[in-house]
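Taken together, the values in this text are just the output of simple stated rules run on the coordinates, not laboratory data. Here the structure is a predicted model, which means the values were calculated and not measured. Don't worry about glycine lacking a Cβ; one is built from the backbone with ideal geometry, like all the others, and counts go over all protein chains shown.
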Amino acid sequence: MESEHQPTAQDLPPEEGVRGETEEAQEETQQVQQREHLPAVHQVVLAYQGARYAGWQRQDNAVAVQQVVEEALEEILPPQFIGRGPVRVVAASRTDAGVHALGQSAHLRLRKPFPGNLAKALNGLLPRDIRILKIAAQSADFSAQRCTIGKIYSYRVTTDPVPSPLLLQHAAPSRDLLDLGLLRRAAALVVGSHDFTAFALRRGNHRQPVRTVYRCGWQQTGPGELRLVIVGNGFLRGMVRTLAGTFLEVGSGRRSLESLRRLLRGAPRPQAGPTAPAQGLTLERVLYPSPWGTDACPGSAAEDFLRHSRSPWERST
């Protein structure tokens with residue numbers, strides 16, 4: 001197995017969901033940079049169901065999670081806390097439309113610390129499908145994007161011939177008879193550093209296609225319910241969902257393990273499997289080393305997650 005290195009901020013590539021540098025994206029970048037000097041830095045940990053939203057990042061023609069959170073903050077915070085320019089909440093992962101999060105991490109810069117319970121105030125304004133789990137003061141050099149050493153994603157699949165409508169909000173249906181052993185062998189192949197070009201959406205911004213996957217595996221979480229867990233230092237746009245779609249081809253016997261090996265050598269996107277539906281994907285956790293967090297390395301954090309995690313929408317076996 002590849003050795004687990006501690007990636008620096010410069011090592012970390014653009015995250016899954018990063019879009020090209022449109023005029024809107026450039027304007028947002030400028031607004032964020034204008035607030036870089038503000039001294040009071042807060043880490044915001046939040047969860048959301050992605051079904052009603054066009055992803056995390058603000059959009060011109062659709063409602064995104066970032067917009068909803070920032071508008072709620074502007075209602076709560078007096079001008080003396082905001083400073084010049086609009087409030088900006090910068091997330092570690094720009095999840096795509098329909099994707100969920102149980103442990104999204106973001107940072108917020110203010111002129112001075114907010115004296116009240118900002119998380120409680122926000123939850124009183126936000127819709128029920130967005131919840132603030134924690135807001136904590138961080139050091140001035142904290143960045144939700146640049147300080148991370150890894151992220152944990154999961155992808156859920158149901159093979160139930162008549163799946164529950166509630167389950168389908170958070171899992172993708174599969175009509176195939178899936179071989180769990182083949183799924184696990186396929187997942188093991190992607191561990192290490194590879195060129196994941198074949199698994200990236202072609203309209204994404206992927207100047208650095210090599211990513212390191214620290215852990216990747218499938219679990220049986222219930223009758224007819226499977227969960228893929230993947231931990232890496234960064235993910236191309238669409239990478240986890242396309243890996244899931246390709247793994248399902250292997251698990252159903254429609255693709256060989258050797259075919260998957262060839263894809264990891266920088267093959268073009270059309271050679272990989274389909275991009276699996278968005279509702280099955282969840283950002284579970286963002287990993288930070290000391291002094292911003294307690295994750296010594298992504299691999300050990302992944303093992304801890306696998307031992308203790310059970311997401312709210314997983315039923316007991």
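Along each of its three principal axes, how wide is the spread of alpha-carbon positions in region 94-164, in whole angstrom units, largest first?
54, 32, 17
Between R262 and S193, how many nm apart are label points set 7 Å from Cα along the C-beta direction?
Output for this residue pair reads 2.6 nm.
If we count other beta carbons within 10 Å of each Cβ, what is the order of E249, E258, fewest first? Kindly include the intermediate steps, with their values, before the conclusion.
Numbers: E249 18, E258 8.
Taking fewest neighbouring Cβ atoms as first place, the list is E258, E249.
Go from 0 up to the bin containing the longest alpha carbon distance in region 36-173, width 10 Å each, and give me the % of pairs per bin.
Spelled out bin by bin, region 36-173 gives 11, 40, 32, 12, 4, 1 percent.
Looking at region 219-289, what % of the alpha carbon pairs are farther apart than 20 Å?
On the way: 879 of 2485 pairs.
It works out to 35 percent of all Cα pairs.
Could you give the length gained on full extension between D179 and D60, defined as 0.36 nm per residue of separation minus the Cα-Cα distance, in nm? Don't skip to the end; give the middle numbers.
Working: separation 119, 0.36 × 119 = 42.84 nm, distance 4.29 nm.
Contour length minus Cα-Cα distance gives 38.6 nm.
For R109, R269, what ranking results if the residue with the fewest other Cβ atoms within 10 Å of its Cβ goes first? Spell out each step's value before the answer.
Numbers: R109 24, R269 17.
Neighbour counts put them in this order, fewest first: R269, R109.
Can you give me the Kirkwood hydrodynamic radius for region 150-283, using every pair of distinct Cα atoms, in Å to one decimal?
14.6 Å
Which ordering of V157, V41 is given by a fewest-first count of other beta-carbon atoms within 10 Å?
Details: V157 25, V41 20.
In increasing order of surrounding Cβ atoms, one gets V41, V157.
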